[in-house]
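Visitor: Dropping a structure here in structure tokens format, bear with me for questions.
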């Protein structure tokens, strides 16, 4: 029996275009409907951008205290990066703002550059991110056209593997620590290849031991929860 007030941990495959906030609201609505309550504490661990898909952990009730613990779990991503062009957000949220040559880039060059990012690295987060700058979200300032200066953060990248190389596009698998921005990694890979780059697709394939194949689809969550035995509140 599921006891959402005492606390449950649910794993979702976030669809493309959904914000993490929308997914949490959707899940909360259906749990509250099922339990016959007006409110319930529900939160997620590790935000995914709207243009990313994959594993999103959602905690309910007393299990929301475990959110920080889940955020520290190792994450695995599969990212598709387009070389030769940049955007202000380092992904498809914004239009291309500059183009660069790619003729000099080879598969061997890509593989060599990728290995430079394995281990401890310093990474400057994207201006279009939820990082706080003087008490405000960086993306709010960036969207107003203000200059956003973010300090580099120390991160650990455990593995980078080149899965596909169809230049100017490359597909990589990345295993990394909390706080890694794959968009910023795409930017830095482009720079290291003496070109530019931005992210055109991103899937979080694993958090800790939870793989995307095991996750629930939020679009069929109503049917799923209606088939479960749920503890009602006294």
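Read-outs throughout are calculated quantities, based only on the coordinates presented, and are distinct from any laboratory measurement. Fair warning: this is a prediction, and the values are worked out from it, not measured in the lab. Note: ideal-geometry Cβ built from the backbone for every residue, glycine included; neighbour counts use all protein chains shown.
Visitor: Which of 188, 91 comes first, and how do the rest follow, when ranked by fewest Cβ neighbours within 10 Å? Could you put the intermediate results ahead of the total?
Guide: Numbers: 188 20, 91 26.
Ascending number of Cβ neighbours within 10 Å: 188, 91.
Visitor: Something else about it: Pairs of Cα atoms under 8 Å, at least six residues apart: use those to get the relative contact order of the stretch 75-207, whole percent.
Guide: Computed over the stretch 75-207, the figure is 43 percent.
Visitor: Now, a different point. Looking at the calculated P(r) for the stretch 178-218, what percent of the C-alpha pair distances fall above 13 Å?
Guide: On the way: 526 of 820 pairs.
Percent of Cα pairs beyond 13 Å in the stretch 178-218: 64.
Visitor: Next question, about the same structure. Which length gain, in nm to one decimal place, applies between residue 169 and residue 65 when the Cα-Cα distance is subtracted from 0.36 nm times their residue separation?
Guide: 33.4 nm
Visitor: Grab the eigenvalues of the alpha-carbon gyration tensor for the stretch 75-207, scale each by 5, take roots, and send me the semi-axes largest first in whole angstrom. Walk me through the intermediate numbers first.
Guide: Numbers: eigenvalues 111, 65, 31 Å².
Equivalent ellipsoid of the stretch 75-207: 24, 18, 12 Å, largest first.
Visitor: Tell me the relative contact order for the chain as a rounded percent, counting alpha carbon contacts under 8 Å between residues six or more apart.
Guide: 31 percent
Visitor: Additional query: For the stretch 1-130, what's the relative contact order in percent, using C-alpha pairs closer than 8 Å and at least 6 residues apart?
Guide: Relative CO of the stretch 1-130 lands at 22 percent.
Visitor: Counting other beta carbons within 10 Å of each residue's own, what order do 18, 224 fall into, fewest first?
Guide: Ordered from fewest to most neighbouring Cβ atoms within 10 Å, 18, 224 come out as 224, 18.
Visitor: With runs of 4+ DSSP H residues as the only contributors, calculate the mean residue ellipticity of the chain at 222 nm using -39,500 (n - 2.57) per run, divided by the residue total and rounded to the nearest 500.
Guide: After summing the helix terms and dividing by residue count, I get -6500 deg cm²/dmol.
Visitor: Which residues in the stretch 71-98 have a backbone N closer than 20 Å to a point placed 7 Å from the Cα of residue 106 along the Cα-to-Cβ line?
Guide: Within reach of a label on residue 106, which here means backbone N under 20 Å from a point 7 Å along Cα→Cβ, the stretch 71-98 contributes 83-84.
Visitor: For the chain, set up a GNM with springs between Cα atoms under 10 Å and report which of 148, 110, 27 has the largest fluctuation.
Guide: Fluctuation is largest for 148.
Visitor: Which semi-axis lengths, in whole Å and largest first, follow from the square roots of five times the eigenvalues of the Cα gyration tensor of the stretch 8-121?
Guide: 38, 18, 10
Visitor: Classify the stretch 54-104: rounded, prolate or oblate, from the alpha-carbon gyration tensor (a ≥ b ≥ c, eigenvalue square roots; a/c under 1.5 rounded; otherwise prolate if a/b is larger than b/c)? Walk me through the numbers on the way to the answer.
Guide: Details: a/c = 4.60, a/b = 2.84, b/c = 1.62.
Prolate is the answer for the stretch 54-104, as a/c is 1.5 or above and a/b outweighs b/c.
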